[in-house]
Amino acid sequence: DKMITLERVNKIYNNKFHAVKDVSLKIEKSEIFGIIGLSGAGKSSLIRLFNGLEPLTTGKIEIEGVDLSKLSKKELLNKRKKIGMIFQHFNLLKSRTVKENIAFPLEIDGWSKVEIDVRVKELLKLVELEDKEEFYPTQLSGGQKQRVAIARALANNPDILLSDEATSALDPKTTKSILKLIKDIQKKMGLTVVLITHQMEVIREICDRVAVMSNGEVVETGKTYEIFLSP
Ligand code: ADP
Ligand code: ADP
């Protein structure tokens, strides 16, 4: 089953900068797919196209067989709810507690207070932060902040989790624990994970398959062990 299909996708910023060049990819349901490349290779530009937040210049993107360009505004909004995203710098709201950060997407989605409380409790348990619900982001370690961001990204029960350098600001030990959490959640929920990174260790640790990007192009795709022969 294909979860995400890209056909000859191009992204040109301001009619000028060609950030994504003719990329075709098929990402299967429930796989952990890595995109690796140097800074500036076009990785973020590429995954920002997946949720329709950034329009593509030419080409086609299908999510679960549905062409994003064929969706109405409302349908696209619903699709977007099914795609969670996490970032290098966590993007948590400073003025909100852990609990309130996780509740945020649910409030926007119009859940009732009771439903939100139940869901937030489940999510806190999933990321093992039950004892931190009243903390503010500044009172947390980097790894804990990323756990909060993961809980928030999963609040709406998405089918896809997009990770943009989610472990790049973390030390090696914390990186391992976050990758393990992502892997555990992926198994539990059958999530499809697309993860971009410049770190080979991250790909080796959890990715089933990998695409290598360079100068806007995908130059190689394959199983992780085929692309990076194990030491
Ligand atoms: P990566 O994630 O691999 O580091 P990016 O997708 O962030 O790469 O960037 C690829 C190129 O596209 C860079 O040269 C960057 O400056 C350019 N770029 C990214 N976003 C924009 C934008 N919104 N407007 C113009 N250029 C952009
Ligand atoms: P790590 O080794 O994972 O980076 P830290 O040393 O940053 O962890 O934090 C250790 C513990 O102290 C964590 O449980 C965190 O919640 C707590 N903590 C860190 N900074 C603060 C703070 N400014 N106020 C309250 N608690 C904090």
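Add -39500 (n - 2.57) for each DSSP H run of 4 or more in the chain, then divide by its residues: what number comes out at 222 nm, to the nearest 500 deg cm²/dmol?
Computed ellipticity for the chain at 222 nm equals -11000 deg cm²/dmol.
Have a look at 216, 227, 203 and report the one farthest towards the positive end of the charge dipole of the chain, computed about the Cα centre with Cβ charges (Lys/Arg +1, Asp/Glu -1).
Positive-most Cα among the choices belongs to 216.
For segment 67-110, which trypsin sites (Lys or Arg not before Pro) pass both filters: DSSP loop (anything but H, G, I, E, B) and at most 12 other C-beta atoms within 10 Å?
94
Across segment 21-34, in residue order, what do the Karplus-derived ³J(HN,Hα) couplings come to in whole Hz, using 6.51 cos²θ - 1.76 cosθ + 1.60 with θ = phi - 60° and x for Gly and Pro?
10, 6, 8, 10, 8, 10, 10, 7, 4, 6, 9, 9, 10, x
Across segment 150-162, in residue order, what do the Karplus-derived ³J(HN,Hα) couplings come to in whole Hz, using 6.51 cos²θ - 1.76 cosθ + 1.60 with θ = phi - 60° and x for Gly and Pro?
Going residue by residue, I get 5, 4, 5, 5, 9, 3, 7, 6, x, 8, 10, 10, 9 Hz, with x marking Gly and Pro.
Kindly provide the Kirkwood hydrodynamic radius of segment 94-207 in Å, to one decimal, from all pairs of distinct alpha carbon atoms.
On the way: mean 1/r = 0.0688 Å⁻¹.
Answer for segment 94-207: a Kirkwood hydrodynamic radius of 14.5 Å.
Over segment 11-125, what number does the Rg to Rh ratio reach, with both radii from the alpha-carbon atoms and Rh per Kirkwood?
With Rg and the Kirkwood Rh in hand, the quotient comes to 1.01.
If r is the Cβ-Cβ distance from residue 113 to residue 133 and R0 is 25 Å, what FRET efficiency results, to the nearest 0.05?
Step by step, r from the Cβ atoms, then E = 0.95.
Could you tell me the ratio Rg/Rh of the chain? Both radii from Cα atoms, Rh via Kirkwood.
0.96
Could you tell me which of the pairs 26/121; 74/176; 82/176; 11/145 are separated by over 29 angstrom between their Cα atoms in the structure shown? Please list the in-between numbers first.
Numbers: 26/121 35 Å; 74/176 38 Å; 82/176 26 Å; 11/145 31 Å.
With Cα atoms farther than 29 Å apart: 26/121; 74/176; 11/145.
Based on DSSP, what percent of beta bridges with both residues in segment 87-231 are antiparallel, to the nearest 5?
Working: 6 of 12 bridges.
Antiparallel bridges make up about 50 percent of those DSSP assigns within segment 87-231.
Which ³J(HN,Hα) values in Hz, rounded to whole numbers, follow from the phi angles of segment 8-18 under the Karplus curve 6.51 cos²θ - 1.76 cosθ + 1.60, where θ = phi - 60° and Gly and Pro get x?
Per-residue couplings from phi come out as 6, 7, 10, 10, 10, 7, 6, 6, 9, 9, 8 Hz.
Computing the accessible area with a 1.4 Å probe over protein heavy atoms, can you report the carbon and sulfur percentage for the chain? Intermediate values should be presented prior to the final figure.
On the way: 6090 of 11900 Å².
That share works out to 51 percent.
Counting only heavy atoms of protein chains, what accessible area per residue, in Å², does the chain have with a probe of 1.4 Å? Walk me through the intermediate numbers first.
Values: 11900 Å² over 231 residues.
Here the residues of the chain average 52 Å² of exposed surface.
The values are calculated or read from the model by the stated rules, or taken from the named source; none is laboratory data. Everything numeric here is computed off the predicted structure, so don't read it as measured data. As a convention, Cβ positions derive from the backbone with ideal geometry for all residues, glycine included, and neighbour counts pool all protein chains shown. Just the protein is used for accessible areas: all its heavy atoms, side chains included, with ligands, DNA and RNA removed. Shrake-Rupley method; radii C 1.70, N 1.55, O 1.52, S 1.80 Å.
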